[in-house]
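None of the figures in this text is laboratory data; all of them are computed from the coordinates on show. What you see is a predicted model, and the numbers here were worked out from it, not measured in a lab. All Cβ positions, even for glycine, are placed from backbone atoms using ideal geometry, and neighbour counts span all protein chains on display.
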Amino acid sequence: MDYDVIIIGAGPGGIYAAYELTRNNSSLRVGVFESGHELSKRKCPIDGVKVKSCIGCKSCSIMSGFGGAGAFSDGKYNITNDFGGTLFEYIGKEEALRLMHYVDDINMANGGAGTKLYTTANTRFKTICSQNKLQLLDASVRHLGTDKNYVVLENLYSQLKDKADFFFDTPVRHIEILQGDDGTEYYKVITDDGEYTCSRCIVSVGRSGSKWMEQICKELQIPTESNRVDIGVRVELPAELFAHLTDELYESKIVYRTETFEDKVRTFCMNPRGSVVNENTNGIVTVNGHSYEDPERQTGNTNFALLVSKHFSVPFKDSNGYGESIARLSNMLGGGVIVQRFGDLIRGRRTNHKRLSDSFVIPTLKAEPGDLSLVLPKRILDDIIEMIYALDKIAPGTANDDTLLYGVEVKFYNMEVKLDEHLETEHKGLYMIGDGSGVTHSLSHASASGVFVAREILGQYA
Ligand SMILES: Cc1cc2nc3c(=O)[nH]c(=O)nc-3n(C[C@H](O)[C@H](O)[C@H](O)COP(=O)(O)OP(=O)(O)OC[C@H]3O[C@@H](n4cnc5c(N)ncnc54)[C@H](O)[C@@H]3O)c2cc1C
């Protein structure tokens, strides 16, 4: 056996699994395979000057490499069971929260100390939201910021690199199940550069590995279920309009049920004084956002997503495919992400370069001015417009003409893999964690799932 444990994917799920394994059992042989680059080599070529938009790199530095999709993220660790995944359904609510706090302690010990932990507990905004037909979800939020998040990852890597073997730029192509003489299953991990065997395998390939996961689950006959897709826009407006909320809560997760369709629309990934960025998932360019902890790197704008969930089952069940088609449409019309002023959307006209340059809100992402009503289905667009008017009641100015909407933002969820309460597949010793498993969709849940599985494995070696 080449390794006791092989981890596929060095995002938060894989990193915290490796951390917990190597910290508690130094004799374990751990190998980590990552299709992207090591942290110091991760660099998105978009510089706003020579390269203005996504050029579709072979390995997207935003999504792949040590740190995973989280490396240049805002580093918001939401400590809650209310959103960010359904880990609690497998391991229980208390354990899930305990592990999220444990991850927070590791982050604090590795460069995150001094960052703020926000909480919605006892906030007056709960009442204000309720009075306006909005629901504020409960959470504690540690905001590391893109800069500190990077430092934490650097520190974790410097500890891990001597305790585990890292293989960067090494996508795993296949996993084969083998059987020992005693009938015990073990695994062969196949890459372009070689094949490696292990007795335990943790698959943590995140959203960028969603297509690969589908293939692997088919090959290994692991049952899966389709998951939802979230579709919407990223809103950008002057930071002052949301400052009363963001100064106290940093991130407010607010849900609204629309009057027309009774659909739920929610705010997602709020970035006070942040920047809007491109995201490239499997060649499709969508929008996202982040912000820095360092005031010098902050902007005058706040951004957040407004998302509507769609889940298809019969006869069409490819929810992600549906989201992809909508994103492709925006890529087709705008060459990437489209930006539109709210006032133009309401008046049924395209935003053009002139209207955008006259706008009081200066965009932080260079996107093509266009018309989102040609991209988003009517129902989703109506939901978003209603939500903007609802938010205008608690943050007046949200529905201003110059509020910018970037589209599309799509949250692809991996299909849900059939796992037991140990996050183990039907094959003994083959675990699937993080966003790739469909169980989580956040930094805190993905990291916690890594620690959980590491402890399961440590117990077997005790
Ligand atoms: C711009 C941005 C901002 C975000 N901000 C936040 C935030 O503030 N808070 C929050 O909670 N979440 C945020 N997220 C989401 C968060 O990053 C993810 O939920 C989290 O990273 C999931 O962790 P993971 O380990 O499951 O997967 P990932 O982080 O996606 O890591 C998976 C890794 O596996 C690798 N991989 C894939 N396939 C293979 C293969 N076949 N072989 C080898 N390696 C493979 C990938 O290259 C990747 O590095 C953000 C995401 C983005 C893109």
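Annotations
- Of all DSSP beta bridges confined to the chain, the antiparallel ones make up roughly 80%.
- Inverse mean reciprocal Cα-Cα distance (Kirkwood Rh) of region 413-462, Å: 11.0
- Degrees between helix 319-334 axis and first principal axis of the chain (Cα, 0 to 90, nearest 10): 50
- Derived from the Cα gyration tensor, the three semi-axes of the equivalent ellipsoid of region 173-300 are 42, 20, 14 Å, largest first.
- Overall size of the chain from C-alpha positions, given as principal axis extents largest first: 71, 45, 44 Å.
- Considering helices alone, the calculated mean residue ellipticity of the chain at 222 nm is -9500 deg cm²/dmol, with DSSP H runs of length four and up weighted by -39500 (n - 2.57) and normalised per residue.
- Principal semi-axes of the equivalent ellipsoid, √(5λ) from the alpha carbon gyration tensor of region 312-352, are 28, 13, 6 Å from largest down.
- Positive minus negative residues near GLN460 (Lys, Arg vs Asp, Glu; Cβ under 14 Å): -2
- D_trans [Stokes-Einstein, Kirkwood Rh over alpha-carbon pairs] for region 108-168, 25 °C, 0.890 mPa s, µm² s⁻¹: 170
- ASP344 sits among other residues whose Cβ lies under 12 Å from its own Cβ, and their net charge, with Lys and Arg +1 and Asp and Glu -1, is +2.
- Cα-based convex hull, region 270-352, per residue volume (Å³, whole number): 144
- Taking the chain and dividing mean pair separation by its residue count, relative contact order in percent (alpha carbons under 8 Å, at least six apart): 23
- Taking the Cα centre of the chain as reference, the dipole from Cβ charges on Lys and Arg (+1) and Asp and Glu (-1) amounts to some 1340 debye.
- Per-residue extension of 0.36 nm, minus the Cα-Cα distance of HIS244 and ASP147, leaves a gain of 32.5 nm for this segment.
- Expressed as a whole percent, the proportion of Cα-Cα pairs in region 12-155 lying more than 25 Å apart is 43%.
- Residue-count net charge about LYS50 - beta-carbon cut-off 15 Å; Lys, Arg +1, Asp, Glu -1: +2
- Taking label positions 7 Å along the Cα-Cβ direction at both LYS161 and LYS418, the computed distance is 4.2 nm, reported to one decimal.
- Per residue, the convex hull spanned by the Cα atoms of region 379-446 measures out at 143 cubic angstrom.
- Volume per residue of the convex hull around the Cα atoms, evaluated for region 72-179, comes out as 194 Å³.
- Cα gyration tensor shape of region 344-462, rounded if a/c is under 1.5, else prolate or oblate by comparing a/b with b/c: prolate
- Point-to-point label distance, GLN221-LYS43, nm (Cα→Cβ direction, 7 Å offset): 4.9
- Cα-based Rg of region 293-418 normalised by 2.2 N^0.38 Å, two decimals: 1.15
- Farthest toward positive dipole pole in the chain [+1 Lys/Arg, -1 Asp/Glu at C-beta], among VAL5, THR191, GLY209: GLY209
- Simple spin-label estimate for GLU176 and LEU374 gives 5.1 nm between the two label positions (7 Å along the Cα-to-Cβ direction from each Cα).
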